[in-house]
Structure formats: C-alpha cells, structure tokens
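This report refers to the structure that appears directly beneath it.
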Amino acid sequence: MTYRENYERWLASPALTQAEKAELQAIQGDEKEIESRFFDQLAFGTAGLRGTMGVGLYRMNVHVIRHATQAFAQVILEEGPEAAQRGVAVCFDCRNNSDIFAREAACVMAGNGIPVRLFESLRPTPELSFAVREYGCIAGINVTASHNPKEYNGYKVYWEDGAQLPPKHADEVAKKMQELDVFDCVKTMDYDQAEETDEKFLANVMEQVNDKAVVERMADTFKMVYTPFHGTGYRLIPEALRRLGMKNVICVPEQMVVDGNFPTVVSPNPENPEGFYLAVDIAKKEGADFILGSDPDADRVGIMVRTKDDDFVVISGNQTGVLLLDYLIGAKTRTGKMPKNPVALKTIVTTEMARKVAEVNGLQCYDTFTGFKFLAEKKDKLENAGEGKVIFSYEESYGYMLGDYVRDKDAVSASVELTEMAAWYASQGMTLYDALQKLFEKYGYYGERTMNLVMPGLDGLKKMADLMAGLRAQPPVEIAGVAVKQQKDYQDGSVVNVADGAKSAMELTGSNVLRYEMADGTSLIVRPSGTEPKVKVYILANGQSKADCDAKVAKYAAWAETLKG
C-alpha cells in the first residue's frame, strides 16, 4: 500500500475520532507531510517504539499503541497458556498521553485474556523492571520516551527477566505487526493496581547502600540539590535519600511539578548542563556542593559538582561511572560487602578508564553492546555459570545498574549510591571534582566525547545507511592524519589489522557498529542510534595529561563532522 493509500484509509476509518480526522484533513495539501506520516509504520525493535506524537502510521498514537500491543499479546500467547496467565505489568511516565497510551495497551492485553497489572499513576522505569521480576510476570510495557523532547513518546517492552525484549521476541513482534491490520484491536480491560510495589522496590534500593554511617555523620553539614526535571523521580528519589540519612536535600520547586511539556527546560535530559540552571542557582545560594538530576522516566541520572573556583561543572556519564566503580570497590572492601570474583560490566562505547579501574583493583571487566538488555544478559550469563558476581554495570549515557532486583538502568539506586559517595568524599574534605582529579592521577588521563550527527527525515534514514555502507566499502586506513591500527566490524565480528591484513574474529557480533583502533591509542566508534535519527561517533582517548586527551578528542571530533557530508 502506498503512503497516499494509507493516508486515505486512515482518513476514512471509523476508528479515528473527529479530532484525529481533522488533524489529517489539515495536511491534505502537504504531500511531504503526508508521506512522512504514512510511508511506513514505526519500526519495532528491541527498544520497542519511539517517535513524535501525532496521527499517522509513522507516529505515536493510540492506534499504533493498540497495533503493537496486539502483536506483543500474540507473541506472549504463543508461549503457552501458563506463561500468558502470569500477566503483564504496565507502567507510564509524565509525558503527554503516556497515561492514555498505557491504558490502551492494558485494554488490548486484557482483551486477549492476558492479566494486566497497571500502575495507578506514573512511576520510574526501573520500578517496572522490578515489578516484572517481583510478580513473576511474563512481560512488561512502559510508555515513555525517556529524555527525548516533549513532542516524543515511546513504548518500551520487557521480558520475564526484567530486561528489555530480546532480539528474538522483538523480531517476532515486528513480524506480526506487518501481518496485522493496524485498526484490529480489542478494548476490554481488567487490571490490578500496583500501589504496594513502591515499598518493595525501595526496600531493594536501600539494600544497595554500603556505608550509611558516613552519610549520617555528614548529615548536618552536607547539602545537595535534586531535580526530577518534571518527571517520575519526584517522589521516590527524595524518599530514598531521606532513608539514606540525608537531612539537607533541597529540591528544585519549579521542576518538582509533574508536566509533560517540561516548561523550564528545552530538553529534559541530564546530559545537557543547561537544564540544571535552576539547580545551580539554588546550590550557590544554599552552599551545596552536589547537584543531582534524574530524567523524566527516572532511569538515568546526571550530576554537577562545585569546583575550588566556586563554580559548578558537569561530571560526564563516563566519569560518573568511573567514580562510582572506584568508590564501590573501596566501600565494599571497607565494609566487608565485596563478593568473591567481583565483576564490572560496561558497553563497547563506554570509557576504557573503567576497565583500568576494574583491573587495577583485581576485578574482571567485560564489554557488551550498547543497551542494558545486553548488560543484563551478560550479568545473568556470568552469574548463572558461577563465573563472577557483577557489582556494577553502566553505559556512558548516564545509565547505572546495581543489585539484582532490576535488569535495567535505575536512577533511584544510582542516586542513593552517588549521594553516599559524595558524602564520603565530603568527609575526606573533597568534592567529587577533587576525587575525579585524584583518579586521573592514579589511573591515567582519559577523555571522551560523543558526536551526534543528526540526520532527520526520510533523506536522513538513507544518509545514515549510506554512511555505514561507505565506511564498510572503503575502510579508512588513516583518520585525522593518524594511522588506523585495527578495524572492527561488530556486524560480522571481523577484526582486520591494517598493517599486515591479518584477520581474526570477535565474540560480539550482530550489531551495526564500526570501531577503529588508532595508532595513538584512541578508539573511534561509529553507530546509528536505535531510537533517534542520528549517527553517533564515540571518541575514547587516553594520554599523558588532560591537555593531551583534549587535543586528541578535538582532532577526531573535526573528522567526525566531515561524515555528515
């Protein structure tokens, strides 16, 4: 069916409301807009669905939600009646329409005879992962677009282990979506509320605490500022910090208001320092050294810290993870909580400094593909085989996983441990900025940067594909005047030594990612985003000093800019 035929079919469908039909009628003269909405359906992948909200096949709306849920329900039913009766947990965040989309998903699941456990109000994403495991559900659904701008919404899907849907099941859902009619859905609903989950979830969060005593000792003097950026962390994170023993948690009042329009920020992303402007003002006024912010669905967290110049700086996701890993090793050793054969996990695009910290302290460190479903899978594989106990998993994009009760990144437990760490360093007369400088002195200097080559629209999808195909067809032997030592293609697992052409294979295969190991020790990684219209270039440098690292990062960033064409 052509995009124009899809448009006419939607316009004539009795499933649409008058308001939805009016939205489509308003674009009748705009052929490019019609094509962008109807050229295809939103792609369903291991992260589920994500897109801008609006009426159309390639938009997020109740019809697309019903369609995806019907396909997901059929995948669940094929697991057998006992599996289906275990039910599905459904959660949603603060975004516009998230509650509506969640209830529509619950309608379809219930209509297929699958019991539904729908949260009665918005909750953090990690609590959904926990609920799937806690109640023995076969699957979970969370309506969220994480940190994307307000125009977006998404549909994350989880399997029985509490991790996001494995590729096998995601492919099956995508296949069924192609087979099913988009308007073929059911609407009856029968679900249980999940109010009691908060206490169970928080109990597990607090079990991750290593040194509560140091927080209690510092409670009268150590101050911090917290912001949920209008999102789901507004309730559980302050409560968890109170249980940790914190007395001086100052919340940003304007951003404690739940609002899917995110009125105080351009983007509710803790990776963007400009969003912390209100928190910085409060921290300066109140004399706080530590600022913490969680994204709208409270699975990621970012921090800012005071420097000796009395200014506030961002600690990147890479650096935060290194600080936390080093602290956890010390705290668990200090308090007798370090397990036998401890392990750290990171993704292939996360700083190599994490590996250095782990190995210097006697831990094994393993890489996975980007995404917590892969980190969760590796954790389960190692622990089930008795090959180690994972104490920490993280990726550079501000996601951290601790403990055994979730299989996804969790801003709630991360906030607790980051605060404990900041309080411990404060007891030593140091801020986290000071601590990071000490780690550079101990482990060496590392610098990272992620370049986002945005390629929107239909042309952008083709440009992204052409870029990756071009790099494979003509692999660079030199980048920014530096020789490429090794080319790695994670799609087929191949490794080529440029000097002699020798080939070998990697364990990790099946992902559209290219990596170049440079003669100066830098790693360059190129991969299309799975959730946004952009290609990401990761620059992972190390050197003799910060200036040396900065120079390498700047040089390769200039090369990355040329890839946009």
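Heavy-atom accessible area with a 1.4 Å probe sorts Trp159, Trp424, largest first, into Trp424, Trp159. Note on region 34-160: dipole from Cβ charges, positive end direction compared against Thr144, Pro126, Phe72; the farthest Cα belongs to Thr144. Residue separation of Glu5 and Lys247 scaled by 0.36 nm, minus their Cα-Cα distance, works out to 81.0 nm of gained length.
Averaging the Cα positions of each part gives two centres, and for region 539-565 and region 469-531 these lie 17 Å apart. Sorting Asp434, Asp161, Asp220, Asp93 on solvent-accessible area from highest to lowest, probe radius 1.4 Å, gives Asp220, Asp161, Asp434, Asp93. Note that region 65-72 has calculated 3J(HN,Hα) couplings of 4, 4, 4, 5, 5, 4, 5, 5 Hz, one per residue in order, obtained from phi through the Karplus relation 6.51 cos²θ - 1.76 cosθ + 1.60 (θ = phi - 60°); glycine and proline are x.
Orientation-averaged projection of region 283-334 equals 4.9 nm² [convex hull of Cα atoms, one quarter of hull surface area]. With the convex hull of the Cα atoms taken as the outline of region 362-473, the averaged projected area works out to 11.0 nm². When the surface is traced with a 1.4 Å probe over the full set of protein chains, Tyr398 keeps roughly 10 Å² accessible. FRET efficiency for the Lys285 to Ala219 pair, using the beta carbon distance and R₀ = 22 Å, is estimated at 0.60. P(r) tail, region 68-137: Cα-Cα pairs separated by more than 20 Å, 26% of all pairs.
When the alpha-carbon atoms of region 207-265 are used, the pair Rg, Dmax equals 13.2, 40 angstrom.
Extending 7 Å from Cα along the Cβ direction at Asp198 and again at Ala22 yields two label points whose distance is 3.7 nm. Cross-link pairs exceeding 18 Å in C-alpha to C-alpha distance, out of Lys462/Lys536; Lys381/Lys503; Lys212/Lys337; Lys442/Lys546, comprise Lys381/Lys503. Fully extending the segment from Leu278 to Asp466 would add 63.5 nm, taking 0.36 nm per residue of separation and subtracting the current Cα-Cα distance. For Glu8, Glu396, the ranking by accessible surface with the largest value first comes to Glu8, Glu396, using a 1.4 Å probe. Judged by the ratio a/c of the largest to the smallest principal axis of the C-alpha gyration tensor, region 1-120 counts as prolate, that ratio being 1.5 or greater while a/b is larger than b/c. Note on Ala385 and Val313: the model spin-label points, each 7 Å out from Cα along the C-beta direction, lie 4.0 nm apart. Between Glu239 and Lys438, residue separation times 0.36 nm minus the direct Cα-Cα distance comes to 68.5 nm.
For the chain, with all protein chains in place and a probe radius of 1.4 Å, 48% of the accessible heavy-atom surface sits on carbon or sulfur. Projected over all directions and averaged, the alpha-carbon convex hull of region 110-264 occupies 11.6 nm². Packing-based ranking of 411-421, 199-209 yields 411-421, 199-209, ordered from highest to lowest mean Cβ neighbour count within 10 Å. In the context of the full protein assembly, Ser494 retains an accessible surface of approximately 40 Å², using a probe radius of 1.4 Å and ignoring ligands and nucleic acids. Only beta bridges with both residues in the chain are counted; by DSSP, about 65 percent of them are antiparallel. Where the alpha-carbon atoms of region 487-565 are placed on the principal axes, they occupy 36, 35, 22 Å, in descending order. Within the same chain, lysines fewer than 8 places from Lys379 are excluded, and of the rest, those with a Cα less than 18 Å from its Cα are Lys340, Lys346, Lys389, Lys409.
Of all DSSP bridge pairs formed entirely within region 68-157, close to 25 percent run antiparallel. The local environment of Asp489, defined by Cβ-Cβ distances under 12 Å, has a net charge of +4 under the rule Lys, Arg +1 and Asp, Glu -1. For the chain, the fraction of C-alpha pairs farther apart than 46 angstrom is 13 percent. Ranked by the mean number of other Cβ atoms within 10 Å of their residues, highest first, the peptides 495-503, 323-331 fall in the order 323-331, 495-503.
For the chain, the solvent-accessible area with a 1.4 angstrom probe is 39 square angstrom per residue.
Per-residue packing, averaged as other Cβ atoms within 10 Å, sorts the ranges 51-58, 485-492 into the order 51-58, 485-492, beginning with the highest.
The values are calculated or read from the model by the stated rules, or taken from the named source; none is laboratory data. These numbers were taken from a predicted model, which means no experiment stands behind them. Cβ: placed from backbone, ideal geometry, glycine included. Neighbour counts: every protein chain shown. For the accessible areas, the whole protein counts, side chains as well, though only heavy atoms, and no ligand, DNA or RNA atoms are used. Shrake-Rupley method; radii C 1.70, N 1.55, O 1.52, S 1.80 Å.
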